[in-house]
Every structure is written in C-alpha cells, then in structure tokens.
Amino acid sequence: MAAQTVKASVLHGAKDMRIEERQLPSLAAGDVEVAVKATGLCGSDLHYFHHYRNGDILVREPITLGHESAGIITAVGPGVTALKVGDPVALEVGQPCGQCALCLEGRYNICREMRFRSSAKSYPHAQGTLQERIAHPAAWCHRLPESVSLEFGALVEPLSVAQHAADRAGLPTGSTILVLGAGAVGLLCAAISKVNKAKVVIADINEDRVRFAVEHGFADASLVVPMKRPETIADKLEFAKEVAEAVKNTKVGGEAVGEVTATFECTGVESCLQSAIYATGPGGKIMIIGMGNPIQTLPISAAALREVDLVGVFRYANTYPRIIELLASKNPLLPDLSKLITQRYTGLENIEKAFEMAAKVKDDEGNLVLKVIAQL
Amino acid sequence: MAPSATSEDAPMQLPGFSKPSTISASVLHGPRDLRLETRTITEPGPGELQIAVNTTGICGSDVSYYKKFANGDLCACMPLSLGHESSGTVVSIGPMVSGFAIGDRVALEVGIPCGQCSICRKGRYNLCKKMRFRSSAKSVPHFQGTLQERINHPAAWCYKLPEHVSFAAAALLEPLSVALHAVNRALPAPGSSALVLGAGTVGLLTAAMARQSGCSVVTITDVDAGRVNYAVSKGFATHGYVVPRSLHTSSSSSSIFTASSGASTPLDSGATSPASSLSFHGQLDSAKLLAAEMIALSKPPPSLISEDEDEGVDVTFECTGKEVCMHTALYATRPGGKVIMVGMGTPIQTLPLSVAHLREIDILGIFRYSNTYATAIRMLCSQNSAPGGFNLPSLDDMVTHRFKGLASAKGAFELASRTSDNDGNLVLKVVIET
C-alpha cells in the first residue's frame, strides 16, 4: 500500500515556492489516488506564482498550483469499479456541487459552489495537482486510451477551454474565425476551429507566435498586430478599427476574408475586444475567453446594433470525453499538438524553473515558449 | 404599348396611368426645421401598392432626427421625411400585384432588404448591408419616411389588417416587432424570470412579449413611477420597481444628496449620491445594490427555495440604452443568463465585463426586427380571445396623444420627446393621423 505522505509544491507567497510533505487523506468512497505525471502550466498558475493573487482573488493560505494534469491511478477507494490501479487518466479538477440549478442543467462550470483545484476562489483552497499524488473523485478522472500520452492528457484541460468555446459558439462548418492571441489557449482555439473546418486567421503582437501557428497548421493566415498604446478612447477605437481592417484584408486561399463569422478573444486585452467588435460581421459572435481587466470600455453599439453577440466562456463542462476521443482518433484536421509542448521540466524541485520559463516568451535557445510541462 | 424587350428596367406602365400626382409631405430640412411641402408621386410600379398613410407613431429615432438632424453617428445629408411606424389604406395597385384590393387596410414594414445577400438568405434580413429603411439617413439618397400623404411601397412589405385592428394598433406593430424580435433572440424558456429596464414603449412591449413567450415573472423598472404603475396595472409586467431618480441623473439638476459611508440603502433617498459624483466603482456598487432590490421583488418566499439558488433573473432586457442600466443588467442576471440590449443606446460604454465573462452571461444585441409582422398581427387576432393565458394589453391604449394632419407634426415631435404633457399626463406613444 502506498505511503500516506507525499511531497508537494506549495506556494507561500509571491515566488515563494517550497517543497513540503503532505498527508494524503485515506480514500473516501468513490475516490481514487492518482500519481500526477504531467502538468501543464497556465496563465492563472503564473499569476498566483508571481503575485500570490489572480486579479481580485487573493490567496489566503499556502496553495499548491497546477490544474492541467494527467496521471496514473495508484489506488482505488471503496465502490470504484470503472477505474483500476495502473489506469492512465486525465484529471478534470473542478468539483461542482452537483445539486444546484446550474449543475442540474449541465452548466456545472458556472456552479457557484465550484471547488477548482489551484484556485484561491474557494476557501479552504482546493489544492492543485503539483504534488506526487492526490486523492480525487473517480467520477472526475477520465481514462486515457493507450494511444494518448500522459503529456497529451495534460493538454485535455486547455483543449477543453477551446472546445467549450466552440460549443458555446455553435458555428456552422466552413465559418471564418478570427483568433486573437497566439498563446496556448489561442492556438488550441485555432486547432479546434480547424477540426471544425473553419478558415482561421490568428493575430498576435508576437510575430514568431503567429508564424508558428500558420507553419504548423493551427491557422490559415496570420496577422501581426502593432504594439501601439493609444491613450484617448477615440484613438483607441481608431486603432481597433485599423486592426479590424487589417484582419478583413488578410487573405486565405487568395481571397480577403472580410468580416469574420466569429472571433475567439483569447488575450483579455481591451483593445483586442474592441478590434473584435469591428472585425466580426453582423449576426456574428465574439467568444470572450481571455481574462483581463474586469472593467472594459467598448464600442458596444457597434456590436449591439449589428447583433454581434458577446458570449462569455468560463472554463468548460462536458468536454473531457470528447477531447480524449479527438486525441485518440488522430483526426487529420487536428494540427500536431506535440509542437505546442515546448519545454519540459522533471521533478518537484524543478517546478520553480518551469514557472520561470513559462513566464518567458522565448527560451535560452531562442525557441518559443508556448506550453511548459512539469513532469513528475 | 407593350414594354420594350430590351429595356427591362422600364417600369411597366399601362397607358394613361403614368401621370404623377401631388401630395403633401412633412419634410425635415435641419434640426427642428420641419416643413410641410408638396411632392409628386408616380403611380405605383410593378409589385408596389400606393398607400394613403393613415396613422404614424413617433419614436425616439424620429425625435432624434427632428432635434439634431442626426441619429447617433448617422447624420442626415438631405431633406428627410420622418416616420416609420405606420398603417394606411391601399389606394392604387401597381402591376404584378395580387392579393390586394383598393381599400385594404395595411400595416407597413418599412425596411426593404436586398433579399440576395448571404445574411438575407439566412433569414436575418434586418442586418442586410443594403437595407433601405424609410426615415433613416443610413442609405443615400435617403429613403423617405411615412409622414407623407401617400407613398408607393412594395406590396410584399404591406400586411393586410383584420377588421378589428385599428390603424393606431397597426402603427404600433412596428415597435411591437422590435419587442418580438428581442424575445425571439432571447428565447426565454417557459416559466423564466425576466427583468425589463425602461418602461417606455419599447420596454412595455418587450415586457408584454416576455410574458407572451412564457416568462412567469416580468419585472419592469423605470425612473418614472407613472410608467411603472401603468406597466403593472395594465398587465405588461407582473412586478414593477421605481428606480430612485438620484441614482440615474448624470447631469444632476436634481438636488444633491450626501453620500453616507458604509451600507446605504438606495430606497432611502437621503442616503445616496447622484451617479455623476460617484467614482466608477461607486457606480458599480450602486448598480449591484439596485440589481439586488429588483431581484428581491419577485423572489419566491424563502421557504420555497434553497439558500444556494442562483440569484438573478434568467433574462434581462435593457431598453434604456444607458450605461448605468447595463451595469444593473449584468448584476441582476443569473449566471448562464442573458442580457439583451434593445434599441439604440450610448455607443461607447465602460462595463464590468468580467461579470458577464466569468458567469457566462451572454450579451445579445437587437437591431430592428425580421419575420415579425405576420406573427404580431396573429397575436392581435388572439388578443382577448382566450379566457386563460396571457392577454396582450391594448395597443390602442398606449396611444396617449393624437395629432391631426401633417401640419401638426411639429407639435407631435415636441411632445414625443417628453415623458409627460402640460397637464401632467403620461406621454407614451404620440401618433400623427392623416
């Protein structure tokens, strides 16, 4: 039987990460014990690491980060029959209450009582996955088929964000989609869009990222957005219109795309949302995925009077099984996601280095930093 | 004389019918520069009817053109007849029209889309880029509005009226269409709760349509107590909330209240600050409190719901266009709900967008309407026919002021921009009858 103490990476303050021992609880009915093997790092993890907060959410007690994980079952609790020791699983780390109206209608991602590992929103904090082993409900562990690696298992979480955005957008195949932001989330939104047979234009201030996107089939065309910082609202909207024009003039298959069917806004930057409003065609949608300043000034009439809807996307619900199936199916429309995993660090003691790398745009060899994976 | 085979553009005119006639028209030449003029009108062309306009309602965009010769960013660049909420009588029928007879009473859908672009083909013709909408300065030359004695209009966009539907009610089919379109986009499930901000004509009709579509709770709010009372007493809404005026004046001509620190209740008028003197975060807090008040009105008793039931309505229809109301709308809507922006509002707004994002509250816009007139007429036919079920309140009663003759148009526009008349009576819908 496995030892009941495990080592964990614990954040005590901004950049104050320590390796500590924790007691693993004995397994409750329905729980399994998972040895966490691969964990991707995401923007919110980085925010907590650098600032000990994420926007308005303050950390109130030492917290383990990490929520994009896959691992191997090392023990099963009473009543667990669907999973067995040795099974590789992708972890869906948000536990909703299961009883409120939202849970019951399937929108558990916005359950008010959601406890999401590595988020300081609920208290006591639901500890993240950057630990040797965790106890987790079997119902929220999704078995990975042999053909899907544990690293890809870790990608299921951010892919789920992209899938949930696509679900909420409900676009017909063959749409033209603008993805703003070519970080991991933007690239994955582009990837899912390609699977849905859309024409994808990806935009970012970083030329290398957008070039990467097109080179590796995540997008059909790219746009480098100039790094302007207009000050007045009039100048900001003027700049946003310029960016939108540039989007409309971008060519896919020799033809300018014009106004897009939908925009997946993955940056959280106000000027990007402004541009999205101008670039999206009448009757279209803007999927709000990136988190930025909670308060934004927008040319709202330009959206409302053209029936361009602003659709919020918060995490995901009911996506893991489909994403795992997508990964297993080797769908030819899906770009090679292994290209997204750009740096790997092994061992708890190197997690801090992983965090430092994840904050960079390029590593020491000049490679892009897109998704950093911490392996245990 | 047979039409020439090579000139397909030439209208098919039967001999003797090509004489134009003169009509009078109300024409706006500049801000508040409304003139009664004569115009010539040809016989109706192929597919057209000539309509003697009977009743025209005045709406906010008409008033805006009247006052500023502009509507939002749109500036008029040539003389423009206003009016787009109209009904009338068929007085002449153009070639290749069937289904109409002289004397038929019709409602007019005044927006003519191209019918061929991809968005028209998908049915969302209200968004057609080539839309020509009477009385709007959007297209050039401007498509003249209905405040004319007679107009030629495509028969396809004229709807015959049942006998019991008055010209006034028929004119109101236009704003009713906006309300219907808003509910069509929102698609509230039966038994939903709705909040409507603004109790002008659009707010009232939207509330009614929300009830019609099965919302069991419809709370309407406004700064004007008269409008809120009207809404609830006539059955447009099930609940009403009067917003303390102090919270909504941005140009504070009303008395200034001093802010008390800590928890101030909005209903206690001595303890709140006008919106303008609060910081932006103060405004947001104020909006949150307001939203809580509005939701509390229609909540079931505590014994019936569990404590962690989601707070907020399923759908909020924002019918004022004001930024502070958008704030309230976002705070008042439950996670997973929708905020519908009906009508033209403040074009640039600073919003607590994370509220919408993190709670997946979708923000949907509404621009005019599509595929609503036939349904709206059918609704008027079943008005008062069912003993149970929701009864659409009388549209005729919404017409509070009537002006006779195009020459009276100026008075109509002046009154339409007010919420009460000189006798203190509610101004809801002003119409011009010709």
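The values are calculated or read from the model by the stated rules, or taken from the named source; none is laboratory data. Please read all numbers here as calculations on a predicted model, not as lab measurements. Glycine also receives a Cβ, built like all others from the backbone with ideal geometry; neighbour counts cover every protein chain displayed. What goes into the accessible areas is simple: the full protein's heavy atoms, side chains included, and nothing from ligands, DNA or RNA. Shrake-Rupley method; radii C 1.70, N 1.55, O 1.52, S 1.80 Å.
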Here the residues within region A:271-281 that are open to solvent by 10 Å² or more (accessible area, probe 1.4 Å) and within 19 Å of the chain's Cα centre (by Cα) are A:Cys272
Criterion violated by B:Ile377 - all others in (1) aliphatic (A, V, I, L, M); (2) free of Cβ contacts under 8 Å to residues at least 40 places away in the same chain; (3) open to solvent by 10 Å² or more (accessible area, probe 1.4 Å) satisfied: (2)
If you take the residues in region B:289-322 that are open to solvent by 50 Å² or more (accessible area, probe 1.4 Å) and within 11 Å of another protein chain (Cβ to nearest Cβ), which one is modelled with the highest pLDDT? B:Glu311
For the structure I just gave you, tell me whether B:Ala332 is closer than 14 Å to B:Thr221 by Cα, at pLDDT 95 or above and among the small types (Gly, Ala, Ser). yes
Filter result for the condition that a residue is modelled with pLDDT of 95 or more and closer than 24 Å to B:Ala407 by Cβ, over B:Val53, B:Val97: B:Val53
All-but-one check, A:Gly290 against (1) within 22 Å of the chain's Cα centre (by Cα); (2) more than 23 Å from A:Ile192 (Cβ to Cβ); (3) within 11 Å of chain B (Cβ to nearest Cβ), failing number (2)
Considering only region B:140-160, state which residues are within 29 Å of B:Glu37 (Cβ to Cβ) and open to solvent by 20 Å² or more (accessible area, probe 1.4 Å). B:Val140, B:Pro141, B:Phe143, B:Gln144, B:Glu149, B:Arg150, B:Asn152, B:Pro154, B:Ala156, B:Trp157, B:Tyr159
Could you list, in sequence order, all residues of region A:157-175 that are of a type in the set (Ser, Thr, Tyr) and either under 30 Å from A:Gln343 (Cα atoms) or crowded, with 23+ Cβ neighbours inside 10 Å (or both)? A:Ser160
Test result for B:Asn384, more than 9 Å from every other protein chain (Cβ to nearest Cβ), closer than 30 Å to A:Val311 by Cα and of a type outside the set (A, V, I, L, M, F, W, C): no
Within region A:220-233, is even one residue in contact with an Asp or Glu (Cβ under 6 Å, 6 or more places away or on another chain) and either of a type in the set (D, E, K, R) or without any contact (Cβ under 8 Å) to a residue 60 or more places away in the chain (or both)? yes
Within region A:318-345, restricting to residues that are touching a Ser or Thr at 6+ places or on another chain (Cβ under 9 Å) and surrounded by 20 or more Cβ atoms within 10 Å (Cβ to Cβ), the one that is farthest from the other protein chains (Cβ to nearest Cβ) is A:Leu327
Within region B:85-111, how many residues turn out to be farther than 18 Å from B:Ser61 by Cα, assigned to a loop (DSSP other than H, G, I, E, B), open to solvent by less than 60 Å² (accessible area, probe 1.4 Å) and in contact (Cβ under 8 Å) with a residue 40 or more places away in the chain? 6
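Is it the case, given these coordinates, that A:Arg315 is without any contact (Cβ under 8 Å) to a residue 60 or more places away in the chain, open to solvent by 20 Å² or more (accessible area, probe 1.4 Å), of a type in the set (Lys, Arg) and within 14 Å of chain B (Cβ to nearest Cβ)?
On the way: without any contact (Cβ under 8 Å) to a residue 60 or more places away in the chain: no; open to solvent by 20 Å² or more (accessible area, probe 1.4 Å): yes; of a type in the set (Lys, Arg): yes; within 14 Å of chain B (Cβ to nearest Cβ): yes.
No: the conditions fail for A:Arg315.
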Unmet criterion (only one of (1) at the interface with chain B (Cβ under 7 Å from one of its Cβ atoms); (2) open to solvent by less than 10 Å² (accessible area, probe 1.4 Å); (3) closer than 20 Å to A:Pro172 by Cβ) for A:Arg306: (2)
May I ask you to verify whether A:Leu144 is open to solvent by less than 30 Å² (accessible area, probe 1.4 Å) and within 14 Å of chain B (Cβ to nearest Cβ)? no
Within region A:213-258, restricting to residues that are open to solvent by less than 60 Å² (accessible area, probe 1.4 Å), within 25 Å of A:Leu188 (Cβ to Cβ) and in a strand (DSSP E or B), the one that is farthest from the other protein chains (Cβ to nearest Cβ) is A:Ser222
Selection within region B:57-84 - in a helix (DSSP H, G or I), away from chain A (no Cβ under 14 Å) and either over 19 Å from the mean Cα position of the chain (by Cα) or free of Cβ contacts under 8 Å to residues at least 12 places away in the same chain (or both): B:Lys68
For region B:112-136: of the residues being surrounded by fewer than 22 Cβ atoms within 10 Å (Cβ to Cβ) and under 21 Å from B:Tyr66 (Cβ atoms), which is nearest to the other protein chains (Cβ to nearest Cβ)? B:Phe133
Starting from residues that are open to solvent by 10 Å² or more (accessible area, probe 1.4 Å) and assigned to a helix (DSSP H, G or I), keep the ones in region A:293-303 and report whichever is nearest to the other protein chains (Cβ to nearest Cβ). A:Ser301
Matching entry among A:Gly284, A:Gly366 (being open to solvent by 30 Å² or more (accessible area, probe 1.4 Å) and more than 9 Å from chain B (Cβ to nearest Cβ)): A:Gly366
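If you take the residues of region B:342-361 that are within 7 Å of chain A (Cβ to nearest Cβ) and β-branched (Val, Ile, Thr), which of them is nearest to the chain's Cα centre (by Cα)?
Within region B:342-361, the match that is nearest to the chain's Cα centre (by Cα) is B:Ile348.
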For region B:416-427, enumerate the residues that are open to solvent by 20 Å² or more (accessible area, probe 1.4 Å) and of a type outside the set (Asp, Glu). B:Ala416, B:Ser417, B:Arg418, B:Thr419, B:Ser420, B:Asn422, B:Gly424, B:Asn425, B:Leu426
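Suppose the filter is open to solvent by less than 10 Å² (accessible area, probe 1.4 Å), more than 14 Å from every other protein chain (Cβ to nearest Cβ), assigned to a helix (DSSP H, G or I) and among the hydrophobic types (A, V, I, L, M, F, W, C); does A:Ala354 pass it?
Yes, satisfied.
Of all residues in region A:338-361, which are of a type in the set (Ser, Thr, Tyr) and in contact with a strand residue (DSSP E or B) (Cβ under 7 Å, 6 or more places away or on another chain)?
Those that are of a type in the set (Ser, Thr, Tyr) and in contact with a strand residue (DSSP E or B) (Cβ under 7 Å, 6 or more places away or on another chain): A:Thr342, A:Tyr345, A:Thr346.
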Within region B:102-111, residues being among the aliphatic types (A, V, I, L, M) and either within 14 Å of chain A (Cβ to nearest Cβ) or out of contact with any Lys or Arg (no Cβ under 9 Å at 6 or more places or on another chain) (or both) number 1
Taking region A:34-69 and keeping only residues that are among the acidic types (Asp, Glu) and in contact with a Gly (Cβ under 8 Å, 6 or more places away or on another chain), one is left with A:Asp45, A:Glu68
